Amino acid sequence: MKIIEDIREMRRYAKEARAKGAAVALVPTMGYLHAGHAELLRVARESADLVVLSIFVNPMQFGPKEDYQTYPRDINGDMKLAAQTGVDAVFVPYAADMYHHGFQTFVNVEELTKVLCGEVRPGHFRGVTTVVLKLFNIVGPAKAVFGKKDYQQYLVVRRMVEDLNLDVEIIGVETMREPDGLAMSSRNSYLDPAERLAARCIPRAMDEVNAAFFDGTRASASLIDIVKKIIENEPLAVVEYISVCDTETLADLEYVEDSARLLLAVKVGKARLIDNCLLEKKGWSASLDSL
């Protein structure tokens, strides 16, 4: 496994691989890898000849009062997991190289970023799309793999690729979950034992709303109310948003005909947890019987 810090070296390494006919897959991350990331890397390994993992805590997607400085980092653990999953190269650039002095060029996807996380985290998605485009330009992947836990991010990146005619296939991977149903996330490390127990209200609420949808509840207000009551019954959990949206545009739906995405953000302690589920007639389950 090759570890690359220099942008020019990364570009040269990937260019040489492509010249030999290798299809390159990129898995962009901010590190502190877990089993969810391992699944993204597994999908990448099955999809391409050469897998590049990028690890970069991107300052441009954090607000001034957010957790950039305290975001969990474990480069040694990351390298161990990367090696175990068969990564060919790990790209670990420096922030000063990614954003040189005087940097002033950004990429912005307009409509998809006005709602949900984009509304409560101004500038966040501008930072995401800018760094993702930079990584695409450096690595030149044929495919890039993203987790659907960050469903809005997945749609935003996919829209950027389509709108800018980028020759990259975006592969979305369904959310990986802990045994208790909580979506795998680096920020789960912020939770103390009591908060971790409290956070289980999120997959429990999604189980309940899916059961209601399967039984015929279609009004979004009723579906949201089911989720809201369960989460608000947990004293340590604070709802930031709950929305039932169109699966492609993220437009709020008043009534669900066949399918929709329920997206939410909940604060538990200092952790901001996002999650989502697909509402569809065939049903869904996030959790185990232990919930």
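The values are calculated or read from the model by the stated rules, or taken from the named source; none is laboratory data. These numbers come from a predicted model, not from an experiment. With ideal geometry, Cβ positions are generated from the backbone for all residues, glycine too; neighbour counts draw on all protein chains shown.
Checked against the criterion of being in contact (Cβ under 8 Å) with a residue 60 or more places away in the chain, touching a strand residue (DSSP E or B) at 6+ places or on another chain (Cβ under 8 Å) and assigned by TED's automatic domain parsing to the domain that holds residue 94, segment 60-70 contains not a single residue that satisfies it.
Scanning segment 79-92 for residues that are part of a loop (DSSP other than H, G, I, E, B) and within 20 Å of the chain's Cα centre (by Cα) yields a total of 3.
With the structure loaded, tell me whether residue 44 is assigned to a helix (DSSP H, G or I) and in contact (Cβ under 8 Å) with a residue 60 or more places away in the chain or whether it fails that test. The answer is yes for residue 44.
The lone criterion from (1) touching a residue at least 40 places away in the same chain (Cβ under 8 Å); (2) crowded, with 20+ Cβ neighbours inside 10 Å; (3) outside any strand (DSSP E or B) left unmet by residue 195 is number (2). If only residues of segment 1-18 that are of a type in the set (A, V, I, L, M, F, W, C) and out of contact with any Asp or Glu (no Cβ under 6 Å at 6 or more places or on another chain) are counted, the one that is farthest from residue 138 (Cα to Cα) is 1. Which residues, counting only those in segment 43-78, are farther than 28 Å from residue 117 by Cα and either surrounded by fewer than 19 Cβ atoms within 10 Å (Cβ to Cβ) or under 14 Å from the mean Cα position of the chain (by Cα) (or both)? Across segment 43-78, the qualifying residues are 45, 46, 47, 49, 76, 77.
As a summary of the residue check, residue 250 satisfies the conditions (1) in a loop (DSSP other than H, G, I, E, B); (2) among the hydrophobic types (A, V, I, L, M, F, W, C); (3) touching a strand residue (DSSP E or B) at 6+ places or on another chain (Cβ under 6 Å) except for the one numbered (3).
Tallying residues that are among the β-branched types (Val, Ile, Thr), closer than 19 Å to residue 186 by Cα and without any contact (Cβ under 8 Å) to a residue 60 or more places away in the chain within segment 123-166 yields 0.
Residues in segment 110-138 that are closer than 30 Å to residue 12 by Cβ and either part of a loop (DSSP other than H, G, I, E, B) or of a type outside the set (Gly, Ala, Ser) (or both): 12 in all.
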